[in-house]
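Worksheet for the structure shown next.
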Amino acid sequence: MPGFELFGDSERKEVNDVLDNGVLMRYGFDGMRKGHWKAKELESELCKTFNSEYVQLVSSGTAAVTVALASAGVGAGDEVIMPTFTFVASFEAIMMLGAIPVLVDIDDTLTLDPKAVEAAITSKTKAIMVVQMCGSMGDMDALRAVCDSHDLIFIEDACQAIGGTYKGQPLGSIADIGCFSFDFVKTITCGEGGAVVTNNKDYYLNADHYSDHGHDHVGNDRGAETHPFLGYNFRISELNAAVGLAQVRRLPEFIQIQKKNYTIIREALSQIPEVEFRRVPEGGEESYAFLNFFLPNLGIARKVSEAFKANGIDACFHYYDNNWHYIRKWDHLKDLKSLFPISSEVREGLKYLKTKTYSQSDAYIARNLSCLIKLSWSEDEVRDRANAMANIVSEACSVISQD
Ligand SMILES: *Cc1c(COP(=O)(O)O)cnc(C)c1O
């Protein structure tokens, strides 16, 4: 991660195909486009990648989560259970539909704790959204069992985990409906873009229509199409899809590079007895987009994070002190800072955030560092980096343990 590091001739060729005929829109203009349908081609390529029946491309990963929720019928007053550790898009998408985000603790997988999920279910709960953070996954069998026993929709945000698998199935394709992002810093990028993945034909048709103003896409006269229900514009453009098409064909190569680089750094850190790695559920294989590990306490994690920065070890995140990914810094959500009035149902539904504490999540996130694995490093660079990281971590751990 991220795929832009290795942009090359294949991305240029696909974009030039689009510019040569000038059709930047994914629907219509059949004559002008000379057979180039980049979004449609990318959708069928992604069906193969995710071993899934249907894929709907959209304009971003945030749009993918919104469209997935809408397609599954989540709306006003429904509660959606989501983790405390995720990207802000999770609650943005839920609230966009007038639904209520119910934040629950994560466990040592850095994703939803199935026990915390079970405890948060109420008569209003409509869906459970697992977020496959930093290249790995939740305990999918346990979460599926909770969904089944309470008749809930299971949504999988795999925006950060393309290429990972659980029991042989690609992440993002396991729940009832999955979401991907191809934004500029993801493993596969097309600038801005996202995808909704499902084997449920109704959800797919809903996503297809909803993301294009409710158009039914029947026939080949756009103006004559009917709209069975209300929609919105979450379309991707052909230019973005063209880049994504070139990128997704390179996914196996990207994952292999990530795995090689990840393994070198992991082996170096494994020598330090105080370092613990995040738990990957049995049967799971990470995408190797990040290496996540726990240090003995918050003080050491902060110290290591600062020393990494001071020594040029970039792209290692201490999410406890980061504004985007962990509830601790989401004051705009807790204070409901909205440009427009929020329904009384959602305001009531979110009151718990003013007082609720998440000591279990805090305990994991405080001690966690999450290091991005880049695609463009040379082997020497990875080895130097691994040694430098191991030295910093081992020094920080030894100093504190003598205290
Ligand atoms: C990146 C990301 C998103 C949002 O994707 P955008 O394409 O940037 O809108 C949603 N969820 C997670 C977990 C992400 O990492």
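Laid out as a table, the results:
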| read-out | value |
| --- | --- |
| Acute angle (nearest 10 degrees) that the helix 238-248 long axis makes with the longest principal axis of the chain, alpha-carbon atoms | 50 |
| With all protein chains modelled, accessible area of VAL346 [1.4 Å, Å²] | 10 |
| Whole-percent carbon and sulfur share, accessible surface of the chain, 1.4 Å | 51 |
| Principal-axis tilt of helix 298-310 within the chain, Cα atoms, nearest 10 degrees | 70 |
| Under Karplus coefficients 6.51, -1.76 and 1.60, residue-wise ³J(HN,Hα) of the stretch 276-286 in Hz, glycine/proline x | 10, 9, 4, 7, 9, x, 4, x, x, 10, 5 |
| Value of D in µm² per second that Stokes-Einstein yields for the stretch 211-268, Kirkwood Rh from Cα pairs, at 10 °C (1.306 mPa s) | 105 |
| 20 °C / 1.002 mPa s Stokes-Einstein diffusion coefficient of the stretch 252-402, Kirkwood radius on C-alpha pairs, µm²/s | 123 |
| Pairs beyond 23 Å (Cα-Cα), from LYS48/LYS201; LYS186/LYS303; LYS124/LYS354 | LYS186/LYS303 |
| Gaussian network model of the chain, springs between alpha carbon atoms under 10 Å - residue of GLN247, GLN271, GLN132 with greatest fluctuation | GLN271 |
| Stokes-Einstein translational diffusion, the stretch 1-153 - Kirkwood Rh over all Cα pairs, 1.567 mPa s, 4 °C, in µm²/s | 72 |
| Crossing angle, helix 140-150 versus the chain [Cα axis fit, 0-90 degrees, rounded to tens] | 60 |
| Estimated FRET transfer efficiency when R0 is 25 angstrom, pair LYS309-LYS40 (beta carbons, to 0.05) | 0.05 |
| Approximate spin-label separation PHE7-LYS356, in nm, with each point projected 7 Å along Cα-to-Cβ | 4.1 |
| ³J(HN,Hα) computed for each position of the stretch 174-183 - Karplus, 6.51 cos²θ - 1.76 cosθ + 1.60, integer Hz, glycine/proline x | 9, 6, 5, 8, x, 10, 10, 10, 10, 5 |
| Isolated Cys in the chain, by beta carbon distance under 4.7 Å | CYS47, CYS134, CYS147, CYS159, CYS179, CYS190, CYS397 |
| Solvent-accessible area of ARG222 with every protein chain in place, 1.4 Å probe, in Å² to the nearest 10 | 60 |
| Candidates SER378, SER136, SER287, ranked by Gaussian network fluctuation over the chain, Cα under 10 Å, top entry | SER378 |
| Å² per residue, accessible surface of the stretch 3-250 at 1.4 Å | 36 |
| Per residue accessible area in Å² of the stretch 344-403, where ligands, DNA and RNA are left out and the probe is 1.4 Å | 54 |
| Solvent-accessible area of LYS354 with every protein chain in place, 1.4 Å probe, in Å² to the nearest 10 | 130 |
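The values are calculated or read from the model by the stated rules, or taken from the named source; none is laboratory data. Just so it is clear, the model here is predicted, and its values are computed rather than measured. Don't worry about glycine lacking a Cβ; one is built from the backbone with ideal geometry, like all the others, and counts go over all protein chains shown. The accessibility values were calculated without ligands, DNA or RNA, using every heavy atom of the protein model including side chains. Shrake-Rupley method; radii C 1.70, N 1.55, O 1.52, S 1.80 Å.
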